[in-house]
Amino acid sequence: MYIYMPVSAVNGAPVAALGDSDRSNGATDGSRYRPIGWLDMMRACDDTSDVRLETLERFRAATATAASGAVATASGNGDADTTAEEATSRKCEGQLSMLCAANSCSSCKPACRTSEMAQKDHGSSWANLPTVILQEIFTYLSHDTRIRASQVCKNWRCTLFHPNFWKKITFVFRDQDSVVWARFLANRFALSVHEATIRWDIPRYVNCIGETYRLLKKLGQNRQLRKLFLEFNSNTYDLSFDNEDDSNYKSSASLVKCVVNIIETSNCLETLSLGCREELIMNLSTILEPLRLHHAKHLTHLSLASIKDDPDYYDFFELDNSIFNSFIRLSILTLDYEYVSDTLLEALDNGCMQRLVIHIHGWKEDYPGTTNMAWQMFVQKNPQCELRLNLIHSYAGVKVLDTDIFCPAMPLTHLQVLFCENINIRALHRLSMWYAHTLKSLTWIDSIDRKQHMPSTFDSNDPTSPDSLVLVAWKCTKLTKMVFLGHKYYQENLLAIARLRGSTLKLLVFAKSDITSDFELWRHNQAESIRHEIRDIMGPHWMPLDDSDLPMVILNPFKGDSREVIMPLVLSDQK
């Protein structure tokens, strides 16, 4: 007796992050705020990839229609009164017990014995191939192809679940079905997986904290774990749970203890990402000290940046930045701005740094900040490093971006200003002056102000000055992406950007409702002519978004959650 289980997120599988092609037919995950246009933008903004629950659903549909045993039959000792739900439960329990009882090396032994018996009775056949040969064949197949091949027979199905094909797993918590599947994967492969991603994908009626706690406890016994990514796409710490027994899981301290246990147990932890959760990064020394003791020579990727619930009021703990000098192979680091100083830049002297991501929330004068000389020394030691600045609800930080945060020697490649409710024209001019040879991406997103009529990039103090975005498009020779949402912008300047950048600009995103004209008496045919020329120059890279394509929070800040926009953008920096 066995039942076909859905399959997702294995080693070597292509990833489908928010907005990947498998969601092009709509927001299949139930999100209200991710229609097609927004998903297209997300695809360009997120370079990571993973096999999502949609693969699970497609596989269910495929197996449901298969004629040769796609749905397993129970053994004939059930009651006539047994309901369909009880029968399904028994089948699941039987399958889980069969697959979970064996260890990683003996998981395919039942299939081997079946093959040997069948060969004696019926001779050799494709269904009776030895397991070792099937495993070798499966290594040459893609994940989707292995799924289809597993529908042939029980022997092939068991081969699919060999631990060798499950070294990389994404545990998605979205609904009850995903919880059941994540528990199966955890029970089966928690001790053998090498790369684990735990994702909260806008869960409904799911105790994500409790499920994450249980999963981290299991992973805490895995000495082979090399990479751990936490991706909390929603804020569920405020949700109440019906099960009082899970109340102890609601403490973020318990999750931190689980993470520390994983750090101390793993033989070679290379990557740790805490998912931008403020609660998990309250005291960084709790995480950094065991990392220094156990993985100073192994760690290559460390994500400690957060997203603050209140960007103006949050706790700040002192941190000895010299501890980063211990991580001799560190190449990717994400950190909040209040911890960034000349001491940190001096400590990152291993010459391996490839990406430094800094999150800016509130801004205070007593923050240590950095000097231009420190950045010059940092670039000399790490010539390949990219600097990415993310301003998140930084209402004060965006105002001093040009004067107190930017330094000419910064190797700035990506700038994201997310829901800061302001445009800093001087900072945009700094981009074209200081980072003409490094800047690759500019994203500036706010909620739309319906009362605004004058473009935000118009400088009333110098009306004859060139538009700051046009200057960025002209001067920044490596620029490949420009996203500008929530602020009015002249269509004539859009045309100038398209003419300057042409096909070298891989993504140009504006909201149609934000596009206006420099002329009061603007004829309809002239507007259409400009749109057609932009489309002819940019082709599919030009994306004017309708209101229906935009997340609700961009249309109305009181009806949406900015995290649904922010989290996919900043989590893409983790991988």
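The values are calculated or read from the model by the stated rules, or taken from the named source; none is laboratory data. Predicted, not measured: the structure shown is a model, and the values here were computed from it. As a convention, Cβ positions derive from the backbone with ideal geometry for all residues, glycine included, and neighbour counts pool all protein chains shown. Heads up: the accessible areas ignore ligands, DNA and RNA and are worked out on the full protein's heavy atoms, side chains in. Shrake-Rupley method; radii C 1.70, N 1.55, O 1.52, S 1.80 Å.
Computed over the range 136-181, the P(r) curve from all C-alpha pair distances, binned at 5 Å from the origin, holds 5, 19, 25, 20, 19, 10, 2 percent per bin. Karplus-based coupling profile of the range 372-381, in residue order and whole Hz: 5, 5, 5, 5, 4, 5, 4, 5, 5, 7, with θ = phi - 60° in 6.51 cos²θ - 1.76 cosθ + 1.60 and x standing for Gly or Pro.
For chymotrypsin sites (Phe, Trp or Tyr not before Pro), the sites in the range 172-225 that DSSP calls loop and that have at most 12 other Cβ atoms within 10 Å are Tyr205.
The range 340-384 and the range 275-298 have Cα centres lying 19 Å from one another. Sparsely packed loop sites in the range 328-419 (the trypsin sites (Lys or Arg not before Pro) outside DSSP H, G, I, E and B with at most 12 other Cβ atoms within 10 Å) comprise Lys364.
Looking at the range 425-522, the accessible area is 46 square angstrom per residue; that uses a 1.4 Å probe and ignores ligands, DNA and RNA. Of the residues Leu291, Leu555, ranked by 1.4 Å probe accessible area with the largest first, the sequence reads Leu555, Leu291. For the range 376-449, the fraction of 1.4 Å probe accessible surface lying on carbon and sulfur atoms is 51 percent. In this label model, Lys506 and Ser465 are separated by 3.1 nm, measuring between points 7 Å along each Cα→Cβ vector.
Annotation: amide H of Tyr314 has no partner in the under-5 Å range at sequence separation 5 or more or interchain, hydrogens built in the peptide plane.
Measuring with a 1.4 angstrom probe and ignoring ligands and nucleic acids, Cys153 comes out at about 20 Å² accessible.
Largest accessible area first, the listed residues Leu129, Leu230 line up as Leu129, Leu230 when surface is computed with a 1.4 Å probe on the assembled protein chains. Around the amide H of Ser456, modelled in the peptide plane, lie the amide H atoms of Lys488, all under 5 Å away and 5 or more residues distant in sequence or on another chain.
Step through the table entries Lys227/Lys297; Lys381/Lys475; Lys440/Lys481, compare each Cα-Cα distance with 18 Å, and write down the pairs that go over it. Those over the limit are Lys381/Lys475.
Taking a point 7 Å out from the Cα of Glu346 in the direction of its Cβ, the residues of the range 309-337 whose backbone N falls within less than 19 Å of it are 318-328.
The order of the peptides 478-489, 340-351 by mean Cβ neighbours within 10 Å, most packed first, is 478-489, 340-351. Solvent-accessible area of His162, probe 1.4 Å, all protein chains present, reported in Å² to the nearest ten, please. The value for His162 is about 20 Å².
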